[in-house]
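The values are calculated or read from the model by the stated rules, or taken from the named source; none is laboratory data. Everything numeric in this text was worked out from a predicted model, so none of it was measured. All Cβ positions, even for glycine, are placed from backbone atoms using ideal geometry, and neighbour counts span all protein chains on display. The accessibility values were calculated without ligands, DNA or RNA, using every heavy atom of the protein model including side chains. Shrake-Rupley method; radii C 1.70, N 1.55, O 1.52, S 1.80 Å.
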Amino acid sequence: MRRRRPEKRTINPDPKFNDLQISKFMNYLLTDGKKGIAEKILYDAFDIVKDKSKKDPVDIFKKALNNAAPHVEVKSKRIGGATYQVPIEVPTRRQFYLASQWIIESAKKRSGSAMSNRLAGEILSASNNEGSAIKKKEDTHRMAEANKAFAHFGRGR
């Protein structure tokens, strides 16, 4: 028997833009609990985005997250000894999480000097519907499309 689900923690919006999504993204970015460093990396990346695009960095950031968010993904489900990749719709919270992770992961893999430069580049390319994070989303969608035949397994829980 399962215990109750833990309650969701509330997080405070970030100090500069007063935005919850930015604050959450910052938390995904931090390593070893060094929030100050994560904050500096993200705000520097926003400055770079602003310089390169001459637009509001928050709008570009949100557009990038929107573009990188997957709508369907596959989940493994065991049915009668066989494992099927069942396509399921992605909940909004998970869409944000996956998009954030993919953007951060792609930024880490990019070549360049400072993390803020790489992150800025990844945010800009994701907002233009290109880059590694978008490729990852398209792969996820392609995988779900290929396994559409097993969609009926995903109905019952």
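Normalised per residue, the accessible area of the chain is 66 Å², obtained with a 1.4 Å probe and no contribution from ligands, DNA or RNA. Mean sequence separation of contacting Cα pairs (under 8 Å, at least six apart), scaled by the length of region 1-59, corresponds to a relative contact order of 16 percent. Based on C-alpha pairs under 8 angstrom that are at least 6 apart in sequence, region 80-157 has a relative contact order of 45 percent.
Residues in region 105-116 carry Karplus couplings, in order, of 4, 5, 5, 5, 7, 4, 8, x, 8, 7, 4, 5 Hz; the curve used is 6.51 cos²θ - 1.76 cosθ + 1.60 with θ = phi - 60°, and Gly or Pro positions show x.
Net charge within 11 Å of Asp139 by Cβ-Cβ distance, Lys/Arg positive one each and Asp/Glu negative one each, not counting Asp139 itself? Every neighbour counted, the sum reads +1. Rounded to whole numbers, the Karplus 3J(HN,Hα) couplings from phi for region 60-66 are 5, 4, 5, 5, 4, 5, 4 Hz, using 6.51 cos²θ - 1.76 cosθ + 1.60 with θ = phi - 60°, and x at Gly and Pro. Computed from the C-beta positions of Lys8 and Lys40, the FRET efficiency with R₀ = 22 Å rounds to 0.20.
The shape of region 46-157 can be summarised by an equivalent ellipsoid whose semi-axes, obtained from the alpha carbon gyration tensor, come to 33, 13, 10 Å from longest to shortest.
What is the percent carbon and sulfur in the accessible area of the chain, measuring with a 1.4 Å probe over the protein chains and ignoring ligands? Carbon and sulfur atoms account for 49 percent of the accessible area of the chain.
Measuring from label point to label point, each 7 Å out along Cα→Cβ, what is the His141 to Lys62 span in nm? Modelled inter-label distance: 2.1 nm. Net charge of the neighbourhood of Pro70, taken over other residues with C-beta under 13 Å away and scored Lys/Arg +1, Asp/Glu -1, is +2. Computed over neighbours whose Cβ is under 11 Å from that of Lys50, the net charge equals -2, Lys and Arg +1, Asp and Glu -1. Each part reduced to its alpha carbon centroid, region 105-131 and region 25-74 end up 10 Å apart.
The long axis of helix 35-53 is offset from the longest Cα principal axis of the chain by roughly 80 degrees. Based on C-alpha pairs under 8 angstrom that are at least 6 apart in sequence, the chain has a relative contact order of 25 percent. In this structure the amide hydrogen of Val86, modeled in the peptide plane, comes within under 5 Å of the amide hydrogens of Lys75, Ser76, Lys77, none closer than 5 places in sequence on its chain.
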